[in-house]
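Engineer: Here's a structure for you.
The values are calculated or read from the model by the stated rules, or taken from the named source; none is laboratory data. Since this is a predicted model, take the numbers as computed values, not measurements. A quick note on method: Cβ atoms are made from the backbone with ideal geometry, for glycine too, and the neighbour counts reach across all protein chains shown. These area figures cover heavy atoms from the full protein model, side chains too; ligands, DNA and RNA do not enter into them. Shrake-Rupley method; radii C 1.70, N 1.55, O 1.52, S 1.80 Å.
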Amino acid sequence: MATKSEDILQSDEWKKAVDYAITDEDIERQKKLVGFYEPAKTREYIQTATTDNIRNFSHGNGDDNPLYCEPDYARTTRWGGVIAPGMMAGIINAPMMGDPIPDEIKALRKSLFRGVHVFVSGSTWDWYRPIHPGDTLYSYHGEESCEVKQSEFSGRSVINVRRDVKINQRGEVVAVYRILRVLTERKTAAKKGKYAAIEPATYTDEQIADIDAVYADEKVQGAARRDFASVQIGDSLGKMAKGPLTVTDVICFHAGGYGFVPYAPTVGRLAHKNRKRIAPFYVKNEYGIPDVAQRLHWDPKWAQAIGNPMAYDYGVMRENYLFHYLSDWAGDDGIVLHVHDEIRKFNYMGDTQFVTGEVIAKREEGGQNLVDVAVRFTNQRGDETVRATATIALPSSGKLPLYPDVPRDLQEQAATMMARHWELLAASKRK
């Protein structure tokens, strides 16, 4: 006799939730949105960086680098105080004011890809400024590309790349974040069941001891300067462990500041209002309770309903783990300038990621001493789950590296967006 938990997978509620399809009309509408940029009017959990939220965000990623977490130590570094890990730019956002969205854009977006699942499958980052306590970040964004592909996991899929430009309160471009998002049909993924045979990881005491040994051997370069001349092609960046993944890890990541925008899962009356705003995002669980589709990151039953054997992490969690690995190696004086990562497989509950990397090139360019590295995440099954490359500027002969100049066209675009923000803000205060 089937249990209530098993019955829910065959219920009309869940069949409806996974029955949405990618349509040709949606694809054409998405392509027409490419090139339109608008201010991000969302208020994230964190709008302004502080010593406390920088530390909490770092701890939410398992990062205890004293440059991010210990003010007394950080004051002795070249930065004069705590700075944020670069990828924290992705979760700091104060609302930017801008002109109303044109009616034709609203029409293109209405119910676009409704009920279709979205995965973050990779990103590219370029950094131009550090983030200090007291910095408020604003942003504007737009779609850069839309491509249709066939996926082993879910049949036809849509690959969208969105560019987010992050700007501080001084109008300085801090970073550019390109997010690769894969849109898939829940019903197709569930039917294909590509990963259905994967079993949850279990560990002996000896295996946990082996993982603990990796943790114990990890090193933060810190104040010990890593000089450009001392680095050779083929050098190892060391080994880092992340995991075994637990629901606690996901909770800590959210508690550290990774918000839920734009879906805004919340509690009580606010959840009630949110269900009215985006009803398809809420799907009843096996107990008949409306809950967020996003819960596939902690609810194994819902993850199984859309074709995965168990719950799994956010791709952006591993992107933050990547930055942790790179900045541990670079030291306080090094600067991570550029990262490109590809999320190649899921990281399921119970999985352990082992992070390794090596130097693949070094060069002098634009007065900077640059090192290119390649990084891989490999799980306990031997599967490569993340592949990444990065460029790091290192000190040389006592000369400290600097952040690069912002490209002129990007700075002009950002200045225009921020000028309009301040103009509209001033006008609103005069009313």
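Engineer: Can you list residues from other chains, or at least 5 along the same chain, whose modelled amide H is less than 5 Å from the amide H of SER396?
Structural biologist: PHE228
Engineer: If you don't mind, there's one more thing I want to ask. Hey, what's region 347-421 come to in accessible area per residue, 1.4 Å probe, Å²?
Structural biologist: Values: 3300 Å² over 75 residues.
I get 44 Å² per residue for region 347-421.
Engineer: Pulled fully out, how much extra length does the chain show between ALA374 and TYR20, if you take 0.36 nm times their separation in residues and subtract their Cα-Cα distance?
Structural biologist: Result: 123.6 nm gained on full extension.
Engineer: Something else about it: Roll a 1.4 angstrom probe over the protein heavy atoms and tell me the percent of accessible area of the chain that is carbon or sulfur.
Structural biologist: Whole-percent figure for carbon plus sulfur exposure: 52.
Engineer: For region 65-142, what is the accessible area per residue in Å² when the probe is 1.4 Å? Kindly include the intermediate steps, with their values, before the conclusion.
Structural biologist: Values: 2990 Å² over 78 residues.
About 38 Å² of surface per residue is accessible.
Engineer: Classify region 144-296 as rounded, prolate or oblate, taking a ≥ b ≥ c as the square roots of the eigenvalues of its Cα gyration tensor: rounded when a/c is under 1.5, otherwise prolate if a/b is larger than b/c and oblate if not.
Structural biologist: Prolate is the answer for region 144-296, as a/c is 1.5 or above and a/b outweighs b/c.
Engineer: Could you sort LEU402, LEU337 by their accessible area in this structure, using a 1.4 Å probe and putting the largest first?
Structural biologist: Result, largest first: LEU402, LEU337.
Engineer: Then there is this: If you find the alpha carbon centre of region 302-330 and of region 191-260, how far apart are they in angstrom?
Structural biologist: Region 302-330 and region 191-260 have Cα centres separated by 10 Å.
Engineer: If you stretched the chain out fully between LYS399 and GLU38, how much longer would it get, using 0.36 nm times the residue separation minus the C-alpha to C-alpha distance? Kindly include the intermediate steps, with their values, before the conclusion.
Structural biologist: Numbers: separation 361, 0.36 × 361 = 129.96 nm, distance 3.94 nm.
Contour length minus Cα-Cα distance gives 126.0 nm.
Engineer: Rounding to the nearest 20 debye, state how big the charge dipole of the chain is about its Cα centre with +1 on each Lys and Arg Cβ and -1 on each Asp and Glu Cβ. Provide the component values of the computation, followed by the final result.
Structural biologist: Values: 56 positive and 59 negative charges, 369 e Å.
With only Lys, Arg, Asp and Glu charged at Cβ, the dipole is about 1780 debye.
Engineer: Of VAL283, VAL120, which has the most accessible area and how do the rest follow, probe 1.4 Å?
Structural biologist: VAL120, VAL283
Engineer: Now for a different question. If I take the Cα coordinates of the chain and project them onto the principal axes, what are the three extents in Å, biggest first?
Structural biologist: The principal-axis extents, from largest down, are 71, 67, 39 Å.
Engineer: Could I ask something else about it? With only Lys, Arg, Asp and Glu charged, each at its Cβ (+1 for the first two, -1 for the last two), find how big the charge dipole of region 220-366 is about the Cα centre; round to the nearest 20 debye.
Structural biologist: 940 debye
Engineer: With N denoting the number of residues in region 309-431, provide Rg(C-alpha) divided by 2.2 N^0.38 Å, to two decimal places.
Structural biologist: Here the Cα radius of gyration is 1.45 times the empirical estimate.
Engineer: Can I get the semi-axes of region 47-145's equivalent ellipsoid? Compute them from the C-alpha gyration tensor as square roots of 5 times the eigenvalues, in angstrom, largest first.
Structural biologist: Value: 34, 16, 12 Å, ordered largest first.
Engineer: If you don't mind, another one. Send over the Kirkwood Rh of region 224-297, from the inverse of the averaged 1/r over different Cα pairs, rounded to one decimal Å.
Structural biologist: Final number for the Kirkwood radius of region 224-297 is 16.3 Å.
Engineer: So, one more: Round to the nearest 10 and report in Å² the accessible area of GLU144, as given by a 1.4 Å probe over the protein chains' heavy atoms.
Structural biologist: 70 Å²
Engineer: Still on this structure, I have one more. Quick check: the distance between the Cα centres of region 44-78 and region 96-169, to the nearest angstrom?
Structural biologist: 26 Å
Engineer: Let me ask something else about it. Heavy-atom accessible area per residue, region 161-299, 1.4 Å probe: how many Å²?
Structural biologist: Per-residue value: 52 Å².
Engineer: Tell me, rounded to the nearest percent, the portion of alpha carbon pairs in region 305-377 spaced more than 20 Å apart.
Structural biologist: Across region 305-377, Cα pairs with separations above 20 Å total 41 percent.
Engineer: Tell me whether region 95-224 comes out rounded, prolate or oblate; compute the Cα gyration tensor, take square roots of the eigenvalues as a ≥ b ≥ c, and use a/c under 1.5 as the rounded threshold.
Structural biologist: oblate
Engineer: Karplus couplings for region 273-279 from phi (6.51 cos²θ - 1.76 cosθ + 1.60, θ = phi - 60°), rounded to Hz, Gly and Pro as x?
Structural biologist: These are the phi-based 3J(HN,Hα) values: 5, 5, 5, 6, 6, 9, 3 Hz.
Engineer: With a 1.4 Å probe and every protein chain left in place, tell me how much accessible area MET240 has, in Å² to the nearest 10.
Structural biologist: 10 Å²
Engineer: If you don't mind, there's one more thing I want to ask. Over region 8-137, what is the mean sequence separation of C-alpha contacts under 8 Å (at least six apart), divided by residue count, expressed as relative contact order in percent?
Structural biologist: On the way: 147 pairs, mean separation 49.2, N = 130.
In percent, rounded to a whole number, it is 38.
Engineer: If ASP235, ASP26 are ordered by their accessible area, calculated over protein heavy atoms with a 1.4 Å probe, which sequence runs from highest to lowest?
Structural biologist: Most to least solvent-accessible, the answer reads ASP235, ASP26.
Engineer: Right, something else. Run the numbers on the chain and let me know its relative contact order in percent, using alpha-carbon pairs under 8 Å that are six or more apart. Don't skip to the end; give the middle numbers.
Structural biologist: Values: 890 pairs, mean separation 82.5, N = 431.
RCO, the chain: 19 percent.
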